[in-house]
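Take a look at the structure below.
FYI, it's all coordinate maths here, none of it is from the lab. As the structure is a computational prediction, the values presented were derived from the model and not from experiment. No Cβ is skipped: glycine too gets one built from the backbone with ideal geometry, and neighbour counts run over all protein chains shown.
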Amino acid sequence: MGCWHMVLLGLLVLSLLSSCRCLVLSAPDVLARMPVPRSYIATAVFQDKLFVIGGWNGTARHDAVFVFDGSSWTGAPSMNTKRDDFYAAVFQDKLFVLGGMAWSLEGMGKVIGEVEVYDGTHWSPAPSLAVARSGHGAAVFQNKLFVVGGFDNDKELLNSVEVFDGGSWSTGPGLPRARMGMGVAVFQEKLFAIGGNIGDLASDTVDVFDGTSWTSMPSMPTARHYLAAAVFHAKLFAIGGGIGFNDGSALDSVEVFDGSSWSRAAPLATPRDCEGAVVFEGRLLAIGGNSRPSLQNPAAITLDSLEVVAA
């Protein structure tokens, strides 16, 4: 083979390798790592920065707040209450944290209804939820803050919905079925409650609120609880989650709803449940959580990674 043939062959190989590299980079990858591993966190984008709030590190609940600007981490003032299994949302230019599990004087977890608000400088109390709840979801919908489902101090699942208008809480139309650990997001001008636990089992069902009433939408291909949900590129993503409390394994699957049907996307590099998800700087991220590799190896590994789900 002549020299020019060798050069052309080399260029072809380099081109193929470059194409393969692009494919690898477009797959899920780790963007950054948190200062410490956390699960059962709340996440939000506030004042153009990514906030990771509270959560569980495998041994204790936390009040610490980490802030990522796209290149490095800093700390923000800690919440007044250590909590995990709660939710955060940005409403009326402030960052709200809602309910969750706190530490009781007896040393056990206590479900709380306390709400705190961060204005970019400090945390202050806001009107509490009428019903203390953990494992719930929240989203801003039709210019109000909705808090959906969860469980109470008796470990009873909730179908109740609370609505905050900026001054006080009111009761909204309840979920068709009580559930906890669901994903909640606003998609195509409707409020979605996705998966979670209904009874003792992880669910694939999807309930949707249009501002007046709840209806059912096509179920996900995979039942899951303690998943993360987010809207990206005009599609609704259901990310990770767990199969069930008695199983122990986390999922790497990602499923996408386009408004009429579900499809499967590229899986996570690391299976995870109890994670957060946000869209930040043009990427959909899965943040922290627990990785439980299998039923045979159910011990939770708390994660510190920010994984790119889609870009």
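For this structure, a couple of remarks:
- Per residue, the average separation of C-alpha pairs within less than 8 Å and at least 6 apart gives region 42-310 a relative contact order of 10 percent.
- Residue-averaged [θ]222 nm for the chain, counting only DSSP H segments that reach four residues, each worth -39500 (n - 2.57): -2500 deg cm²/dmol
- Potential lengthening between residue 264 and residue 36 on full extension [0.36 nm per residue; Cα-Cα distance subtracted]: 79.0 nm
- Here the simple spin-label model places points 7 Å from the Cα toward Cβ, and for residue 165 and residue 29 these points are separated by 4.9 nm.
- Simple label model, 7 Å out from Cα along Cβ direction - residue 143 to residue 67, nm: 2.9 nm
- Of the chymotrypsin sites (Phe, Trp or Tyr not before Pro) found in region 208-292, the ones in coil according to DSSP and having at most 14 other Cβ atoms within 10 Å of their Cβ are 245.
- Within the same chain, aspartates and glutamates fewer than 8 places from residue 144 are excluded, and of the rest, those with a Cα less than 12 Å from its Cα are 162, 165.
- Note on residue 233 and residue 156: the extension gain reaches 24.1 nm, defined as 0.36 nm multiplied by sequence separation minus the Cα-Cα distance.
- Matching the structure-derived volume of the Cα convex hull per residue in Å³ against the labelled list (1) 215; (2) 112; (3) 154 gives the label (3).
- If you plug the beta carbon distance of residue 47 and residue 201 into 1/(1 + (r/R0)^6) with R0 = 51 Å, you get a FRET efficiency near 0.80.
- Choice from 230, 202, 130 with maximal GNM fluctuation in the chain (Cα, 10 Å cutoff): 130
- Using a Förster distance of 35 Å, the FRET efficiency for residue 189-residue 119 (Cβ separation, nearest 0.05): 0.75
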